[in-house]
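Enquirer: Okay, handing you the structure first.
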Amino acid sequence: MKRMLFLFVLTLCTAAISAQRDGLDNFFSRYSGLEGYTSVIINGSLFGLFAKIDDDPELNELANKITSIRVISTESGKEHPGVSFASELGNVIRRGGYEELVTVKSSDDDVLILVKTAGETIREILIVSSGDEEAVIHIKGSLRQRDIDNLSRTHIEGLEQLDMLENTGK
C-alpha cells in the first residue's frame, strides 16, 4: 500500500513539473501557423551562424550563450478579438518562477519583462507586449547582464525592449 501511495505521489509531482515546463511550449504551439499570427523560432546554432556572418566578436560571444529565441506576434491589420497574451500567460508566469523586472504601461501598449535566474545567470527572458499588437519573445540561454546589453543592440525587432533592463541590476 505504501508503494502504491508513493507511486501516486511521484506521478502527481512529475505531472506538475511537466505542466510547468510545457506551459510556454503549449502557448507557442497554439498560435504557431495560425492565420493572423507570425511565429519565429531561432535555435542557438542558427543564431551562431548569423553572428559569424556579421563578424562581430561581441555577437559571436553572445551567440554561444543563447540556446533559442522564440517569437509569436499578431499580424498588424488583422482582427484578434479577445486575444491577450499577457492574460493567457499569467499562470505560466506565476508557476514558472519568473521574476518581473520591468513593466511599461502606455495608452496603447503594455510591456512586461521577466527573467528566470539561477544565481547570477539569467536562464530565460520573457518579454510580453500587449495592447494594439500582441507579442511574446522568449529567450533561453546562459546570460549575464553584459550579454543582455549586447543582445539589445542586435537589431532583432522587439529586443530593443531589453534596454530597459540596464538599470535593474540583473
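Enquirer: Can you tell me which residue within the stretch 120-141, out of those that are under 23 Å from residue 58 (Cβ atoms) and open to solvent by 50 Å² or more (accessible area, probe 1.4 Å), is nearest to the chain's Cα centre (by Cα)?
Expert: Top of the filtered list is 140.
Enquirer: Considering only residues that are within 15 Å of the chain's Cα centre (by Cα) and of a type in the set (S, T, N, Q), look in the stretch 39-52 and name the one that is surrounded by the most Cβ atoms within 10 Å (Cβ to Cβ). Working first, answer last.
Expert: Step one: filter the stretch 39-52 for residues within 15 Å of the chain's Cα centre (by Cα), giving 39-44.
Now restrict to residues that are of a type in the set (S, T, N, Q): 39, 43.
Numbers: 39: 15, 43: 13.
Filtering first and then ranking leaves 39.
Enquirer: Considering only the stretch 35-57, how many residues are modelled with pLDDT of 75 or more and in contact with a helix residue (DSSP H, G or I) (Cβ under 6 Å, 6 or more places away or on another chain)?
Expert: 1
Enquirer: Then there is this: If I ask for residues that are surrounded by fewer than 16 Cβ atoms within 10 Å (Cβ to Cβ), part of a strand (DSSP E or B) and of a type outside the set (D, E, K, R), which ones from the stretch 102-116 would you list?
Expert: If the condition is that a residue be surrounded by fewer than 16 Cβ atoms within 10 Å (Cβ to Cβ), part of a strand (DSSP E or B) and of a type outside the set (D, E, K, R), then 103, 104 are the ones that fit.
Enquirer: Can you find a residue in the stretch 70-89 that is out of contact with any Asp or Glu (no Cβ under 8 Å at 6 or more places or on another chain), surrounded by 14 or more Cβ atoms within 10 Å (Cβ to Cβ) and assigned to a helix (DSSP H, G or I)?
Expert: Yes, that holds for at least one residue.
Enquirer: Now for a separate question. For residue 125, are the conditions met, namely being assigned to a strand (DSSP E or B) and of a type outside the set (Phe, Trp, Tyr)? Even if it seems obvious, please write down each step before you answer.
Expert: Numbers: assigned to a strand (DSSP E or B): yes; of a type outside the set (Phe, Trp, Tyr): yes.
Yes, satisfied.
Enquirer: Six or more apart or on different chains, Cβ under 6 Å: which pairs go from a residue in the stretch 17-46 that's of a type in the set (S, T, N, Q) and part of a strand (DSSP E or B) to one that's modelled with pLDDT of 90 or more and open to solvent by 60 Å² or more (accessible area, probe 1.4 Å)? Could you list them?
Expert: none
The values are calculated or read from the model by the stated rules, or taken from the named source; none is laboratory data. Just so you know, these numbers come straight off a predicted model, no measurement behind them. Cβ: placed from backbone, ideal geometry, glycine included. Neighbour counts: every protein chain shown. We work out accessible area using only protein heavy atoms, side chains counted, and drop any ligands, DNA or RNA first. Shrake-Rupley method; radii C 1.70, N 1.55, O 1.52, S 1.80 Å.
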